[in-house]
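S.K.: Once you've had a glance at the structure underneath, I'll fire off some questions.
The values are calculated or read from the model by the stated rules, or taken from the named source; none is laboratory data. As the structure is a computational prediction, the values presented were derived from the model and not from experiment. Counting neighbours? That spans all protein chains shown, and the Cβs are built from the backbone with ideal geometry, glycine included.
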Ligand SMILES: [Zn+2]
């Protein structure tokens, strides 16, 4: 492929975002995957299936179109590609998708419970509880499982803004998240894992703990996100 490699900067970012999951302790063996999208080209760069992270190279990242057809790459894409594609088609503002089985977020997914917004750490990233999907029906599992996982996420997001909730727990499975880019999506996965752990420990200390007020939640969320954000440095 050499210098003719398609979307090399995006491939490099996707590789680095996948390695970020390893650096942050979110994945074991070949678990987990991050992708990124080039909207102008309508092409997605995603981790290959079953390749150990320590051996993964830029050329191993698989480029597909939005229908999942491999455009460039000799390896098979992650089996979760179809879920990523459903999210890219439905949420036009996102530029990266992540999926892990990170322990604490997955524990909440297995419990079938949304993660309550117990404090401002959570509210800095999510405008309320991290949602959980309904369990998948037998027909969804026996059919196009990965695509139907994406559809279950979309059903849960009816009335929810993916800019206000950048992750979801798939019931009995684990978290999917997203962001403006592949690296932002990986960041979401890291933050979600920490929030999941903090929420479980909050309930361990006080099983009657309740979410913070909407006023405090919104102050924290809106000062970092949205049109009136005033946290950090202005870009550009
Ligand atoms: Zn999974």
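S.K.: Within the range 67-94, can you find the residues that are farther than 30 Å from residue 156 by Cβ, at pLDDT 95 or above and part of a loop (DSSP other than H, G, I, E, B)?
M.R.: Across the range 67-94, the qualifying residue is only 75.
S.K.: Can you find a residue that is surrounded by 18 or more Cβ atoms within 10 Å (Cβ to Cβ), over 19 Å from the mean Cα position of the chain (by Cα) and in contact (Cβ under 8 Å) with a residue 40 or more places away in the chain anywhere in the range 56-69?
M.R.: Yes; the residues of the range 56-69 include at least one that is surrounded by 18 or more Cβ atoms within 10 Å (Cβ to Cβ), over 19 Å from the mean Cα position of the chain (by Cα) and in contact (Cβ under 8 Å) with a residue 40 or more places away in the chain.
S.K.: Now for a separate question. Among the residues of the range 125-160, write down those that are in a loop (DSSP other than H, G, I, E, B), touching a residue at least 24 places away in the same chain (Cβ under 8 Å) and out of contact with any helix residue (DSSP H, G or I) (no Cβ under 6 Å at 6 or more places or on another chain).
M.R.: Within the range 125-160, 126, 128, 129, 134, 135, 144, 157, 160 meet the criteria.
One line per residue, one yes/no per condition, for (1) at pLDDT 95 or above; (2) away from the ligand (no atom under 15 Å from the Cβ):
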| residue | (1), (2) |
| --- | --- |
| 96 | yes, yes |
| 126 | yes, yes |
| 142 | no, yes |
| 149 | yes, no |
| 184 | yes, yes |
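S.K.: Next question, about the same structure. Here are the criteria: (1) free of Cβ contacts under 8 Å to residues at least 60 places away in the same chain; (2) under 23 Å from residue 164 (Cα atoms); (3) surrounded by 15 or more Cβ atoms within 10 Å (Cβ to Cβ). Tell me which single one residue 39 does not satisfy.
M.R.: Unmet for residue 39, out of (1) free of Cβ contacts under 8 Å to residues at least 60 places away in the same chain; (2) under 23 Å from residue 164 (Cα atoms); (3) surrounded by 15 or more Cβ atoms within 10 Å (Cβ to Cβ): (3).
S.K.: Only residues that are in contact with a strand residue (DSSP E or B) (Cβ under 7 Å, 6 or more places away or on another chain) and within 27 Å of residue 226 (Cβ to Cβ): list them for the range 86-101, please.
M.R.: Hits for the range 86-101 are 87, 88, 91, 94, 95, 96, 97, 98, 99, 100.
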